[in-house]
């Protein structure tokens, strides 16, 4: 019997095939018997699995389930460890002018080409951005980011023009790093070792100074790292999150060890703060250990599990639901900041320094009186 047939029985939750699963089996046999082109059984069951996950996604209202190849699964595992593919930069659109690099990752292709934070890209592959709408700039930039090699024309703060050839490639992000301000720490991702690095940086902060934790654009990562990071700011035994799996029972995941920080904390969030980054933020918000500043988060409260199917396929099921310590779910709605500050991205002119103001960060710094 096909391994996919066994999986159907498991997904249907029955010890034997029910009528619906039998119908799928019969349909596969009829297709093989009556269509002139020869279709392998495994291919047909694969298509049926894709149909099942599409239905699950429609029910969930989000694309959180999938059928992956082993190569795709390996790429996800690498992503969870902080490996990325691209040019290695975060940017924002400057209306009518171009794309400004907000951050250039050390060791990434953009950095290797000689680019730096604050560079204003005014043309990509000889296509100037001047006078274009934000939507057109975004579309051109997105298309170029998929090409293996791109040519970037850059204007720097001295008004000098420079041309860079950037080769798309793989690079490792620095998950946790010291911010530009003495009181700030940037948490870009919860990859392996992120909590230890955060603890190291926190230990160097003056105990009488507030702390700014920047979770903007943090797309999550490893749940155990987010739990360990939250434990640095909460008393032992404090609930960090409730985890619910297929048994329908809420499991309380609690802080371990001793609280490391007692002075005011601000957490910056935006619409790309997602997944276990929302676990971290909600834990400190609900336990009144931090003030959230910025814009509403992504709203991803389900984490996937991965189940090998054989035939070089892996089933991705978002089978773990997470809730805040108060019991609330942020699924679909996101976390609402205590102090809402919407970024001015995509509607700015360049300042005298060449870098647009970051009003979310500035607001957070004011709240903790960063020295």
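Each reported figure results from applying straightforward, stated rules to the coordinates on display, with no laboratory input. This one's a predicted model, so the numbers in the text were calculated from it and none came from an experiment. Here the Cβ positions follow ideal geometry from the backbone for every residue, glycine too, while neighbour counts run over all protein chains shown.
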Q.
Could you identify which residue out of 220, 275, 248 has the top mean-square fluctuation in a GNM of the chain using Cα springs shorter than 10 Å?
A. 248
**Q.** For the stretch 83-171, Kirkwood radius (reciprocal of mean inverse C-alpha pair distance, Å)
**A.** 12.8 Å
Q.
Between helix 19-34 and the chain, what is the angle of the helix's C-alpha long axis to the longest principal axis, kept within 0 to 90° and rounded to the nearest 10?
A. 80 degrees
Q) Rounded to whole Å and sorted largest first, what semi-axes of the equivalent ellipsoid does the C-alpha gyration tensor of the stretch 184-294 yield via the square root of 5 times each eigenvalue? A) 21, 16, 13
Q: Using a Förster distance of 25 angstrom, determine the FRET efficiency expected from the C-beta separation of residue 181 and residue 224, and round it to 0.05.
A: 0.30
(Q) I'd like the orientation of helix 3-12 relative to the chain: the angle between its Cα long axis and the longest Cα principal axis, in ° from 0 to 90, rounded to 10. (A) 80 degrees
Q) When the chain is fully extended, how far beyond the present Cα-Cα distance does residue 200 get from residue 369, taking 0.36 nm per residue of separation? A) 58.6 nm
Q. If you work out Rg and Dmax of the Cα atoms in Å from the coordinates, which of (1) 21.8, 70; (2) 19.8, 63; (3) 23.8, 77 do you get?
A. (3)
Q: Could you let me know the centre-to-centre spacing of the stretch 265-339 and the stretch 176-197, using Cα atoms, in angstrom?
A: 18 Å
Q: Please sort 278-290, 182-194, 100-112 by packing, taking for each peptide the average over its residues of neighbouring beta carbons within 10 angstrom, highest first.
A: 278-290, 182-194, 100-112
Q) With labels modelled as points extended 7 Å from the Cα through the Cβ direction, what inter-label distance (nm, one decimal) is found for residue 208 paired with residue 142? A) 5.1 nm
Q.
Only counting other Cβ atoms within 10 Å, I'd like 211, 35 sorted with the fewest neighbours first.
A. 35, 211
Q: Highest first, please rank the peptides 264-274, 157-167 by the mean number of other Cβ atoms sitting within 10 Å of their residues.
A: 264-274, 157-167
Q: Using only Cα atoms, tell me the angle between helix 70-80 and the longest principal axis of the chain; keep it within 0 to 90° and round to the nearest 10.
A: 30 degrees
